[in-house]
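The values are calculated or read from the model by the stated rules, or taken from the named source; none is laboratory data. Model, not experiment: these values are computed from the prediction. Glycine gets a Cβ as well: all are built from the backbone with ideal geometry, and neighbour counts include every protein chain shown. When the accessible area is computed, the model is the full protein with side chains, heavy atoms only, and any ligands, DNA or RNA have been set aside. Shrake-Rupley method; radii C 1.70, N 1.55, O 1.52, S 1.80 Å.
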Amino acid sequence: MNIDIPQGREPIEYVWGEMVPGIGIAASKFSMAVYAHSTLGLREFEAARLRIAQINGCAFCLDWRTERDGEKVEEEFAESVTRWRTTDAFDERTRLAAEYAERYALDHHGLDDEFWARMTAHYSQLEIVELSMCLGSWLAFGRLNHVLGLDTACTLTGGSSPTPASGDQAPRPASRD
């Protein structure tokens, strides 16, 4: 870990909730909101989230699987995300979600007219904005957790999607990308 954590303290809660509470708590609420308020289908959501996790290298995020109404993607889904260009496990929306995630993270200047024509043929403007905000959250917070070494200290807390916390406590964990 690249940040000193006091003995007996939970790293995510300490860094996000106590070290920079004015920023960390707000960031954590945004991170949680992409799970609590997303209208995207589970497969599209997970394809984009996992592609960002693969790019970020966040150990926790790579192990996480979003759950909705007791449902998760299949075990081999992450491997399909790695092969998003050629897998037959994805429909066009899921494939585009993985592609958009990769290009958003690695080549956002290369999002050309051809890409946007394909994207707008399969996603509404509202869905594009929502997915873009999700990608921004996952890219920023997963990368932050990985760079600071917090991703190795995260633990799964039951395997379901996070729910927003109330009050000024930092939700736990702060990112699952």
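See the values below:
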read-out: Computed label-point distance, nm, for sites ALA26 and ASP69 using a 7 Å Cα→Cβ extension; value: 3.5 nm
read-out: Segment HIS108-GLU76, length gained on full extension (0.36 nm per residue, minus Cα span); value: 8.7 nm
read-out: 1.4 Å probe accessible area per residue over the chain, in Å²; value: 49 Å²
read-out: Per-residue SASA entry for GLU114, accessible area with 1.4 Å probe, Å² rounded to 10; value: 100 Å²
read-out: Distance between modelled label sites at THR152 and ASN2, nm, 7 Å Cα→Cβ extension; value: 1.2 nm
read-out: Under 16 Å from the ALA121 label point (7 Å along Cα→beta-carbon), backbone N, the range 74-97; value: 91-97
read-out: TYR14, TYR100, reordered so the largest accessible area comes first (probe 1.4 Å); value: TYR14, TYR100
read-out: Prolate/oblate/rounded label for the range 8-99 (Cα gyration tensor, a/c 1.5); value: prolate
read-out: Solvent accessible area, Å² - ASP91, 1.4 Å probe, full protein context; value: 90 Å²
read-out: Accessible area in the full protein assembly, largest first, 1.4 Å probe, for ILE128, ILE55; value: ILE55, ILE128
read-out: Pair LEU62, THR86: separation of 7 Å Cα→Cβ label points (nm); value: 2.1 nm
read-out: Accessible surface of the chain, 1.4 Å probe, proportion on carbon and sulfur as whole %; value: 52 percent
